[in-house]
Amino acid sequence: MYRHGNLEDENFPLDQISEHLELEDAVVWVDMCAPDIEDLRLVADELGLHALAVEDAVGERQRPKLDHYASHDFLSAYAVWLDIDTGELHSKEIAVFITKSALITVRKDEQFDIEQVVQRWDEAPDLNKFGVGALLYGLLDFVVDTHFAAVSSLDEQIEGIEDLLFDDRTPNSDVQRRSYELRKSLVLLRRVTLPMREVVNTLMRRDTHVLRPELLPYYQDVYDHVLRATEWTESLRDLVQSILETNLTMQGNRLNVITKKVTGWAAVIAVPTAVTGFYGQNVPYPGFGHHSGFIASTAIIVVLSLLLYGIFRHNDWI
């Protein structure tokens, strides 16, 4: 429980929430990690939370959203981080109930680092005096910062792929696999960042009960970060697609070069085949049955083969 921006009580039983809220200027934060339905219903009864919002809080993979109910708002969002080694993007959902004087966060497990959110609150005691809106700002700022950090890491990984793309020592399968992994991560990141624009924009409307005018610049900063992360994600998706297309084009070019060289060598090899086939006739010809015929055929093979090799080499066909 916070009063006037200062922490006054903590670790009290859930059934005492309503008693704490009766105090003047009191703001209560309740954090529930992997709660069972009974604990969540106890909080819902204490604060009058809507049954549909409670179902969304315990459900899996909700879309980032902000729902409005008569006595409270319900927010769903995702914190994300990128595994550099595998290129896989991990996400953890958090559900938030927002009332005029209480903030209830519901996490699926400990992987959502709520301690970093608390640290942000502790570092800004001057903001905490503005109530639930200040606590919600700290939470959203952390969530959006994870989006920004993830897209920044993805950008670095994609730059690495660009270097590998033109490195002849790198197997083509490595480039394809890494590109696919990062493209999949970008699709997931887009799913959690794009709806956040609507979420933050709705919170910034002046008809919401949690946002005081003093907090508007802070929410505007979060909104700016959301837009930048979203635009960055979109541009990286286009870049990965360009890398995949460039890789396919380079494979086609390599195949054309190989085909051209194989064809050139086939033409060179065709000369001795033709000459030896001619001298293998069963009818008399100049030099037939004489040592001079063998010398003549050998000389023809060598001269024509060297001539063709020189022409093809000059034209970069082999």
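The values are calculated or read from the model by the stated rules, or taken from the named source; none is laboratory data. Quantities reported herein were computed from a predicted structural model and do not represent experimental measurements. Heads up, the Cβs are rebuilt from the backbone with ideal geometry, glycines too, and the neighbour counts pull from every protein chain shown.
Here is the figure for the range 275-286: residues that are modelled with pLDDT of 70 or more and exposed (fewer than 13 other Cβ atoms within 10 Å of the Cβ) total 1. For the range 178-204, a residue qualifies if it is under 14 Å from Trp232 (Cβ atoms) and among the polar types (S, T, N, Q), and the qualifying residues are Ser185, Thr193.
Taking the range 96-129, which residues are hydroxyl-bearing (Ser, Thr, Tyr) and within 28 Å of the chain's Cα centre (by Cα)? Thr105, the sole residue that qualifies.
Taking the criterion of being surrounded by 19 or more Cβ atoms within 10 Å (Cβ to Cβ) and more than 20 Å from Ala79 (Cβ to Cβ), no residue of the range 184-204 qualifies. The residues of the range 33-53 that are acidic (Asp, Glu) and within 17 Å of Thr105 (Cβ to Cβ), listed by number, are Asp36, Asp39, Glu46. The residue pairs whose first member lies in the range 6-33 and is in contact (Cβ under 8 Å) with a residue 24 or more places away in the chain and under 19 Å from Val118 (Cα atoms), whose second member is of a type in the set (Phe, Trp, Tyr) and surrounded by 14 or more Cβ atoms within 10 Å (Cβ to Cβ), and whose beta carbons are closer than 6 Å, counting only pairs six or more residues apart or on different chains, are Val27/Tyr2. The single condition from (1) surrounded by fewer than 12 Cβ atoms within 10 Å (Cβ to Cβ); (2) of a type in the set (A, V, I, L, M); (3) in contact with a strand residue (DSSP E or B) (Cβ under 8 Å, 6 or more places away or on another chain) that Ala70 fails is (3). Per this entry, Arg177 is counted among residues that are basic (Lys, Arg) and over 19 Å from Asp221 (Cβ atoms).
The criterion of at least 3 residues that are surrounded by 21 or more Cβ atoms within 10 Å (Cβ to Cβ) is met by the following helices (runs of 4 or more DSSP H) wholly inside the range 100-168: 132-165. Considering the range 1-26, the residues that are of a type outside the set (S, T, N, Q) and touching a helix residue (DSSP H, G or I) at 6+ places or on another chain (Cβ under 6 Å) include one that is farthest from Gly131 (Cα to Cα), namely Leu14.
For the range 209-229, filtering for residues that are surrounded by fewer than 19 Cβ atoms within 10 Å (Cβ to Cβ) and over 30 Å from the mean Cα position of the chain (by Cα) leaves 4. Evaluating Glu55 against the criteria (1) touching a strand residue (DSSP E or B) at 6+ places or on another chain (Cβ under 9 Å); (2) surrounded by fewer than 14 Cβ atoms within 10 Å (Cβ to Cβ); (3) closer than 13 Å to Phe74 by Cβ leaves one unmet condition, (1).
Against the definition (touching a helix residue (DSSP H, G or I) at 6+ places or on another chain (Cβ under 8 Å), over 24 Å from Val144 (Cα atoms) and either modelled with pLDDT under 90 or assigned by TED's automatic domain parsing to the domain that holds Ala149 (or both)), how does Ile37 come out, yes or no? In short, yes.
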